[in-house]
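Visitor: Following this message is one structure expressed as structure tokens.
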């Protein structure tokens, strides 16, 4: 949120400027200012909660160490024994929705049940010691990432402020405007750098100045370095949104960029994400960061309905996993989904979101021992791979702790820029007018100095962006209303 050092109205002496001069910078300053002032709080909350989410996996390991780990040593028991232990513990009334074998020695197995008392995308997870079949814990888990209660709470704070679908509009506003603010700020920085004697000096904050100039220096230099990250978070964050996310999904479908999903229909081929599929849902969907309330298979176990799986033979978990291991499942992070009904297949899928990405999936008919469908990540289209990697980078899983550290640093930088923007607004207040608590807005009337084709380009671009990202369009209309009211108020004040 860059606030210019000076925004003096042009034509102070009443001389009109030549048409077509400096209108773009004037327009960008005004856009950057209004977006920063009104959208800043949304971006600040999203940045701080995002930083908390980025470190939540590390916190989760400590808080839930008893459930996630075991000190027992020795060979792992068959999955049938572990599933039976979990079913005995629950009383057998709830259907099994998925099983995640212990990914490595010292870790526990998760047997997940469909509990009708839980919310959407939530499952009851029984943590089993794979060596002794002892029950280590009983927790609610959320989404494909299997986040535990603490991370789920942080995730829903980040995505919706715990206000349900209505709260998701806050994060959509933040994601939609973050990239626009970054582009506007970067353009203003480039314009300023072209006029500077030493442009490289603008890449680092100045410690020589005080007050407004120092604040501006920090805001601008950090903004330049963070711009790419802001654009990335904006682009990937929009896919989780409700209105803009729907448009992203439609665009990907129109361009044939949908993510393939293994079909659970016996006798059917692979399907694009949607009905009759299981496992990794379409990464272009927008339901939530596993969460951000339901996105991309973070939001649940694909299309598998656990309502008819109470009669599953526990031995089938071992059989299907062994079969998948011989074909395309070769990582420790695996999820086994029992069939939804007699006409559906078992699904064994990799769920490794860190690099290298391992999300191959296999559908198996347990009656005939035949492979009914197979999806390999290597067969994904380039756009689908980018979407998958974008999600994993946004969530901090792509490169583990390194990704999380970068995301925390980026989030702190974004939050700091918002705060610096408001500080500059206060520092720019007219010292000669005690009645003004904050600085004046950048001068209006930029388009009046532009050529007609420039005006047409701006209007068409604004309409296109507003249609594709509805929260931007609604916000701009709000800005125009506020600006009009302020203009009328200023004229009335001058008349008095």
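Visitor: Hey, among 396, 400, which residue is touching a helix residue (DSSP H, G or I) at 6+ places or on another chain (Cβ under 7 Å) and either closer than 23 Å to residue 46 by Cα or modelled with pLDDT under 95 (or both)?
Guide: 396
Visitor: Sticking with this one: Taking interchain pairs and intrachain pairs at least six residues apart, which have beta carbon atoms under 6 angstrom, with the first residue in segment 478-492 and in a helix (DSSP H, G or I) and the second surrounded by 11 or more Cβ atoms within 10 Å (Cβ to Cβ)?
Guide: 479/34
Visitor: Has segment 420-435 got any residue that is out of contact with any strand residue (DSSP E or B) (no Cβ under 7 Å at 6 or more places or on another chain) and closer than 25 Å to residue 58 by Cβ? Don't jump to the end; show me each part of the working.
Guide: Narrowing segment 420-435 to residues out of contact with any strand residue (DSSP E or B) (no Cβ under 7 Å at 6 or more places or on another chain): 420-435.
Of the ones still in play, those that are also closer than 25 Å to residue 58 by Cβ are none.
No, that holds for no residue.
Visitor: Which count do you get for residues in segment 185-204 that are surrounded by fewer than 23 Cβ atoms within 10 Å (Cβ to Cβ) and closer than 23 Å to residue 38 by Cα?
Guide: Taking segment 185-204 first, the residues surrounded by fewer than 23 Cβ atoms within 10 Å (Cβ to Cβ) are 186-204.
If we keep only those that are closer than 23 Å to residue 38 by Cα as well, we get 186-189.
The total comes to 4.
Visitor: Right, next: When the residues of segment 60-75 are narrowed to those that are touching a helix residue (DSSP H, G or I) at 6+ places or on another chain (Cβ under 8 Å) and crowded, with 17+ Cβ neighbours inside 10 Å, which ends up nearest to residue 126 (Cα to Cα)?
Guide: 68
Visitor: Among the listed residues 300, 311, which satisfies the condition of being out of contact with any strand residue (DSSP E or B) (no Cβ under 7 Å at 6 or more places or on another chain), surrounded by fewer than 17 Cβ atoms within 10 Å (Cβ to Cβ), within 21 Å of residue 115 (Cα to Cα) and at pLDDT below 85?
Guide: 311
Visitor: Applying the selection to segment 222-248, what residues are under 14 Å from residue 415 (Cα atoms) and without any contact (Cβ under 8 Å) to a residue 60 or more places away in the chain?
Guide: If the condition is that a residue be under 14 Å from residue 415 (Cα atoms) and without any contact (Cβ under 8 Å) to a residue 60 or more places away in the chain, then 227 is the only one that fits.
Visitor: Just give me the residues in segment 342-368 being assigned to a loop (DSSP other than H, G, I, E, B), within 22 Å of residue 110 (Cα to Cα) and free of Cβ contacts under 8 Å to residues at least 60 places away in the same chain, in sequence order. It would help to see each step written out before you state the result.
Guide: Initial filter on segment 342-368 (assigned to a loop (DSSP other than H, G, I, E, B)): 342-343, 345, 351, 353-357, 359-360, 366-368.
Still in the list and also within 22 Å of residue 110 (Cα to Cα): 345, 351, 353-354, 357, 359-360, 366.
Matches in segment 342-368: 354, 357, 360, 366.
Visitor: Being more than 26 Å from the chain's Cα centre (by Cα) and on the phi < 0 side of the Ramachandran plot is the filter here; which residues of segment 349-375 pass it?
Guide: Restricting attention to segment 349-375, the residues satisfying the condition of being more than 26 Å from the chain's Cα centre (by Cα) are 362-374.
Matches in segment 349-375: 362, 363, 364, 365, 366, 367, 368, 370, 371, 372, 373, 374.
Visitor: So residue 452 ticks every box in (1) out of contact with any helix residue (DSSP H, G or I) (no Cβ under 9 Å at 6 or more places or on another chain); (2) in contact (Cβ under 8 Å) with a residue 12 or more places away in the chain but one. Which box is left unticked?
Guide: Residue 452 satisfies all of (1) out of contact with any helix residue (DSSP H, G or I) (no Cβ under 9 Å at 6 or more places or on another chain); (2) in contact (Cβ under 8 Å) with a residue 12 or more places away in the chain except (2).
Visitor: Please tell me if residue 207 is in a helix (DSSP H, G or I) and surrounded by fewer than 21 Cβ atoms within 10 Å (Cβ to Cβ).
Guide: Details: in a helix (DSSP H, G or I): no; surrounded by fewer than 21 Cβ atoms within 10 Å (Cβ to Cβ): yes.
Here the answer is no, as residue 207 does not meet what is asked.
Visitor: Taking the conditions exactly as written (touching a strand residue (DSSP E or B) at 6+ places or on another chain (Cβ under 8 Å), in a loop (DSSP other than H, G, I, E, B) and under 25 Å from residue 345 (Cα atoms)), does residue 86 satisfy them or not?
Guide: no
Visitor: Among the candidates 149, 130, which residue alone is without any contact (Cβ under 8 Å) to a residue 12 or more places away in the chain and in contact with a strand residue (DSSP E or B) (Cβ under 8 Å, 6 or more places away or on another chain)? Give the steps one after another, and end with the answer.
Guide: Numbers: 130 fails: without any contact (Cβ under 8 Å) to a residue 12 or more places away in the chain.
From the options 149, 130, the qualifying one is 149.
Visitor: Which condition breaks for residue 231 when tested against (1) surrounded by fewer than 17 Cβ atoms within 10 Å (Cβ to Cβ); (2) at pLDDT below 90?
Guide: (2)
The values are calculated or read from the model by the stated rules, or taken from the named source; none is laboratory data. Model, not experiment: these values are computed from the prediction. All Cβ positions, even for glycine, are placed from backbone atoms using ideal geometry, and neighbour counts span all protein chains on display.
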